[in-house]
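Below: one structure, written as C-alpha coordinates.
The values are calculated or read from the model by the stated rules, or taken from the named source; none is laboratory data. Remember, it's a predicted structure, so these values are computed and weren't measured experimentally. Using ideal geometry, Cβ is built from the backbone for each residue, glycine included, and neighbour counts are taken over all protein chains shown. Only protein heavy atoms, including side chains, enter the accessible area calculation; ligands, DNA and RNA are left aside. Shrake-Rupley method; radii C 1.70, N 1.55, O 1.52, S 1.80 Å.
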Amino acid sequence: MGSVRALMFDFNGTLSDDEPLLLAIYQRLFARYGRPLSEEQYYGRLAGLSEEAIIGGWLGVDGPLLASLVAERVEQYATEAADGSTVTEPLREALRYAAGHVPVAIVSGAFRAEIEPVVGAAGIAADITTIVAADDVEHGKPHPDGYQRALERLRIDAADAVAFEDTEAGVASAKAAGLRCLAVRGTLPDARLGAADEVVDRIDLALVRRLVG
(Lines give C-alpha, C1' and ligand atoms only; values in the text may rest on other atoms or scores of the structure.)
Protein backbone atom coordinates (compact mmCIF):
# COMPACT_ATOMS: atom_id res chain seq x y z
CA MET A 1 0.00 0.00 0.00
CA GLY A 2 3.01 2.27 -0.04
CA SER A 3 4.27 4.48 2.76
CA VAL A 4 1.96 4.63 5.79
CA ARG A 5 2.79 7.36 8.29
CA ALA A 6 -0.45 7.37 10.30
CA LEU A 7 -3.46 5.14 10.98
CA MET A 8 -6.90 6.61 11.62
CA PHE A 9 -9.78 4.65 13.11
CA ASP A 10 -13.47 5.32 13.07
CA PHE A 11 -14.92 4.57 16.51
CA ASN A 12 -18.45 3.14 16.46
CA GLY A 13 -18.49 -0.21 14.69
CA THR A 14 -14.78 -0.09 13.82
CA LEU A 15 -12.60 0.42 16.87
CA SER A 16 -15.53 -0.26 19.19
CA ASP A 17 -17.72 -3.25 18.28
CA ASP A 18 -20.87 -1.46 19.38
CA GLU A 19 -23.32 -1.03 16.51
CA PRO A 20 -25.81 -3.50 18.12
CA LEU A 21 -25.60 -1.50 21.36
CA LEU A 22 -26.24 1.75 19.50
CA LEU A 23 -29.18 0.20 17.66
CA ALA A 24 -30.78 -0.89 20.95
CA ILE A 25 -30.38 2.61 22.44
CA TYR A 26 -31.91 4.26 19.37
CA GLN A 27 -34.77 1.76 19.34
CA ARG A 28 -35.70 2.54 22.94
CA LEU A 29 -35.43 6.28 22.35
CA PHE A 30 -37.40 6.34 19.12
CA ALA A 31 -40.14 4.04 20.44
CA ARG A 32 -40.91 6.64 23.10
CA TYR A 33 -41.74 9.08 20.32
CA GLY A 34 -43.88 6.64 18.34
CA ARG A 35 -41.28 6.17 15.59
CA PRO A 36 -40.06 2.57 16.00
CA LEU A 37 -36.80 1.68 14.27
CA SER A 38 -36.03 -1.74 12.82
CA GLU A 39 -32.58 -3.26 12.46
CA GLU A 40 -32.93 -3.10 8.68
CA GLN A 41 -33.84 0.59 8.79
CA TYR A 42 -30.92 1.43 11.05
CA TYR A 43 -28.25 -0.32 9.01
CA GLY A 44 -29.86 0.59 5.70
CA ARG A 45 -30.37 4.30 6.29
CA LEU A 46 -28.75 5.64 9.47
CA ALA A 47 -25.57 3.81 10.52
CA GLY A 48 -22.51 6.04 10.15
CA LEU A 49 -24.34 9.36 10.02
CA SER A 50 -23.94 12.14 12.58
CA GLU A 51 -25.99 12.06 15.77
CA GLU A 52 -27.98 15.09 14.65
CA ALA A 53 -28.73 13.47 11.30
CA ILE A 54 -29.84 10.20 12.88
CA ILE A 55 -32.03 11.57 15.67
CA GLY A 56 -33.17 14.75 13.95
CA GLY A 57 -33.85 13.01 10.67
CA TRP A 58 -35.74 10.06 12.15
CA LEU A 59 -37.84 12.02 14.63
CA GLY A 60 -38.15 15.24 12.63
CA VAL A 61 -36.93 17.40 15.51
CA ASP A 62 -34.39 20.20 15.84
CA GLY A 63 -33.32 22.96 18.18
CA PRO A 64 -33.33 22.43 21.97
CA LEU A 65 -35.28 19.15 21.79
CA LEU A 66 -32.76 17.66 19.37
CA ALA A 67 -29.87 18.79 21.56
CA SER A 68 -31.54 17.24 24.61
CA LEU A 69 -32.13 13.91 22.86
CA VAL A 70 -28.55 13.79 21.56
CA ALA A 71 -27.28 14.41 25.10
CA GLU A 72 -29.53 11.64 26.41
CA ARG A 73 -28.29 9.19 23.78
CA VAL A 74 -24.65 10.05 24.51
CA GLU A 75 -25.16 9.60 28.26
CA GLN A 76 -26.88 6.25 27.74
CA TYR A 77 -24.05 4.97 25.57
CA ALA A 78 -21.37 6.16 27.99
CA THR A 79 -23.12 4.25 30.78
CA GLU A 80 -23.62 1.01 28.87
CA ALA A 81 -20.17 0.89 27.22
CA ALA A 82 -18.20 2.12 30.22
CA ASP A 83 -16.34 -1.15 30.84
CA GLY A 84 -14.44 -0.97 27.53
CA SER A 85 -15.46 -4.48 26.51
CA THR A 86 -16.58 -3.35 23.05
CA VAL A 87 -12.89 -2.97 22.12
CA THR A 88 -11.80 -6.57 21.56
CA GLU A 89 -8.45 -7.93 22.72
CA PRO A 90 -7.17 -8.60 19.15
CA LEU A 91 -7.93 -5.00 18.25
CA ARG A 92 -6.23 -3.70 21.39
CA GLU A 93 -3.15 -5.73 20.46
CA ALA A 94 -3.16 -4.39 16.91
CA LEU A 95 -3.59 -0.81 18.12
CA ARG A 96 -0.71 -1.08 20.58
CA TYR A 97 1.55 -2.43 17.85
CA ALA A 98 0.51 0.37 15.47
CA ALA A 99 1.18 3.02 18.11
CA GLY A 100 4.74 1.78 18.43
CA HIS A 101 5.35 2.61 14.76
CA VAL A 102 3.10 5.50 13.66
CA PRO A 103 0.71 8.08 15.14
CA VAL A 104 -2.78 6.69 15.72
CA ALA A 105 -5.92 8.84 15.54
CA ILE A 106 -9.59 8.26 16.22
CA VAL A 107 -11.82 10.14 13.77
CA SER A 108 -15.43 9.72 14.75
CA GLY A 109 -18.94 11.06 14.58
CA ALA A 110 -19.28 10.10 18.24
CA PHE A 111 -18.77 12.64 20.99
CA ARG A 112 -15.67 12.83 23.15
CA ALA A 113 -17.79 11.97 26.21
CA GLU A 114 -18.56 8.62 24.58
CA ILE A 115 -15.12 7.83 23.20
CA GLU A 116 -12.77 8.68 26.06
CA PRO A 117 -14.34 6.45 28.76
CA VAL A 118 -14.31 3.42 26.46
CA VAL A 119 -10.74 4.03 25.31
CA GLY A 120 -9.64 4.50 28.91
CA ALA A 121 -11.38 1.37 30.19
CA ALA A 122 -9.94 -0.66 27.29
CA GLY A 123 -6.44 0.40 28.32
CA ILE A 124 -5.53 2.02 25.00
CA ALA A 125 -5.70 5.73 25.83
CA ALA A 126 -1.91 6.05 25.83
CA ASP A 127 -1.78 4.59 22.31
CA ILE A 128 -4.01 7.27 20.77
CA THR A 129 -2.17 10.36 19.52
CA THR A 130 -5.29 12.43 18.88
CA ILE A 131 -9.08 12.14 18.89
CA VAL A 132 -11.24 14.10 16.48
CA ALA A 133 -14.81 13.77 17.71
CA ALA A 134 -18.17 15.26 16.81
CA ASP A 135 -17.35 18.10 19.22
CA ASP A 136 -14.44 19.15 16.99
CA VAL A 137 -16.09 19.56 13.58
CA GLU A 138 -18.96 21.48 12.05
CA HIS A 139 -19.92 18.80 9.53
CA GLY A 140 -20.02 15.10 10.35
CA LYS A 141 -19.42 12.20 7.99
CA PRO A 142 -19.76 11.81 5.02
CA HIS A 143 -18.12 15.26 4.97
CA PRO A 144 -14.30 15.08 5.17
CA ASP A 145 -13.92 17.63 7.99
CA GLY A 146 -12.92 15.13 10.69
CA TYR A 147 -10.16 13.53 8.65
CA GLN A 148 -8.90 16.90 7.49
CA ARG A 149 -8.67 18.03 11.12
CA ALA A 150 -6.77 14.87 12.07
CA LEU A 151 -4.30 15.34 9.22
CA GLU A 152 -3.68 18.92 10.36
CA ARG A 153 -3.05 17.85 13.94
CA LEU A 154 -0.64 15.10 12.93
CA ARG A 155 0.98 17.20 10.19
CA ILE A 156 0.61 14.29 7.79
CA ASP A 157 -0.29 14.34 4.09
CA ALA A 158 -3.48 12.49 3.21
CA ALA A 159 -1.60 10.19 0.85
CA ASP A 160 0.47 8.91 3.80
CA ALA A 161 -2.48 7.94 6.02
CA VAL A 162 -4.82 4.95 6.07
CA ALA A 163 -8.32 5.06 7.54
CA PHE A 164 -10.45 2.20 8.85
CA GLU A 165 -14.21 2.55 8.49
CA ASP A 166 -17.29 0.31 8.66
CA THR A 167 -19.96 2.39 6.91
CA GLU A 168 -20.64 4.00 3.56
CA ALA A 169 -20.64 7.48 5.09
CA GLY A 170 -17.34 6.83 6.81
CA VAL A 171 -15.65 5.53 3.67
CA ALA A 172 -16.93 8.55 1.75
CA SER A 173 -15.52 10.88 4.41
CA ALA A 174 -12.06 9.32 4.34
CA LYS A 175 -11.89 9.19 0.56
CA ALA A 176 -13.08 12.81 0.23
CA ALA A 177 -10.19 13.83 2.48
CA GLY A 178 -7.76 11.99 0.19
CA LEU A 179 -6.94 9.03 2.45
CA ARG A 180 -6.63 5.40 1.55
CA CYS A 181 -9.46 3.56 3.28
CA LEU A 182 -9.91 -0.01 4.44
CA ALA A 183 -13.53 -0.95 5.10
CA VAL A 184 -14.19 -3.48 7.84
CA ARG A 185 -16.93 -6.04 7.33
CA GLY A 186 -19.63 -6.48 9.95
CA THR A 187 -21.93 -3.46 9.75
CA LEU A 188 -22.83 -3.21 6.05
CA PRO A 189 -22.70 -5.59 3.06
CA ASP A 190 -19.65 -5.39 0.80
CA ALA A 191 -21.69 -3.78 -1.96
CA ARG A 192 -22.16 -0.69 0.22
CA LEU A 193 -18.41 -0.45 0.88
CA GLY A 194 -17.25 -0.48 -2.72
CA ALA A 195 -15.63 2.97 -2.59
CA ALA A 196 -13.01 1.69 -0.13
CA ASP A 197 -9.56 0.70 -1.37
CA GLU A 198 -9.95 -2.70 0.26
CA VAL A 199 -12.56 -4.57 2.31
CA VAL A 200 -11.22 -6.66 5.21
CA ASP A 201 -12.80 -9.14 7.61
CA ARG A 202 -11.27 -7.62 10.75
CA ILE A 203 -8.57 -5.38 12.14
CA ASP A 204 -5.87 -7.53 13.72
CA LEU A 205 -2.15 -7.61 14.31
CA ALA A 206 -1.38 -9.24 10.95
CA LEU A 207 -3.22 -6.50 9.05
CA VAL A 208 -1.54 -3.68 10.98
CA ARG A 209 1.88 -5.26 10.48
CA ARG A 210 1.23 -5.38 6.74
CA LEU A 211 0.50 -1.64 6.78
CA VAL A 212 3.16 -0.21 9.09
CA GLY A 213 5.89 -2.87 9.01
Checklist outcome for this item: Semi-axes of segment 38-127 from the Cα gyration tensor (sqrt of 5 times each eigenvalue, largest first, whole Å) come to 29, 14, 12
Checklist outcome for this item: Expected unfolding gain across residue 65-residue 206 under the 0.36 nm per residue rule, minus the alpha-carbon gap, is 46.2 nm
Checklist entry - Could you list, bin by bin from short to long, the percent of Cα-Cα pairs of segment 111-186 in 10 Å steps? => result 19, 48, 33, 1
Next on the checklist: With n ≥ 4 as the cut-off for DSSP H runs, can you work out [θ] at 222 nm for the chain, using -39500 (n - 2.57) per run divided by the number of residues, rounded to the nearest 500?
Outcome noted: -12500 deg cm²/dmol
Checklist entry - Considering only protein heavy atoms and a 1.4 Å probe, what is the carbon-and-sulfur percentage of the accessible area of segment 92-213? => result 47 percent
Item to check | All Cα pairs of segment 168-213, percent lying beyond 15 Å | outcome: 42 percent
Item to check | Average accessible surface area per residue within the chain, 1.4 Å rolling probe, Å² | outcome: 43 Å²
Checklist outcome for this item: Each label sits 7 Å from Cα toward the beta-carbon; between residue 159 and residue 126 the label points are separated, in nm, by 3.6 nm
Item to check | segment 89-103 - phi-based ³J(HN,Hα) in whole Hz, Karplus 6.51/-1.76/1.60, Gly and Pro as x | outcome: 5, x, 6, 4, 4, 5, 5, 5, 5, 4, 5, x, 10, 9, x
Next on the checklist: Could you check the spin-label model distance between residue 40 and residue 152? Points 7 Å from the Cα along Cα→Cβ, value in nm.
Outcome noted: 4.3 nm
Checklist entry - Which whole-number percentage describes the relative contact order of segment 109-213, with Cα contacts under 8 Å and a sequence gap of 6 or more? => result 18 percent
Checklist entry - Please state the Cα pair-distance histogram of segment 22-75 with 5 angstrom bins from zero: what percent is in each bin? => result 4, 21, 37, 29, 9, 1
Checklist entry - Across segment 186-193, in residue order, what do the Karplus-derived ³J(HN,Hα) couplings come to in whole Hz, using 6.51 cos²θ - 1.76 cosθ + 1.60 with θ = phi - 60° and x for Gly and Pro? => result x, 9, 10, x, 3, 4, 8, 10
Checklist outcome for this item: Simple spin-label estimate for residue 53/residue 96, 7 Å along Cα→Cβ, in nm, reads 3.5 nm
Next on the checklist: Going by amide H atoms built from the backbone, whose H comes under 5 Å of the H on residue 163, apart from near neighbours?
Outcome noted: 8, 180, 181, 182
Next on the checklist: Can you give me the solvent accessible area of residue 131 with a 1.4 Å probe, rounded to the nearest 10 Å²?
Outcome noted: 20 Å²
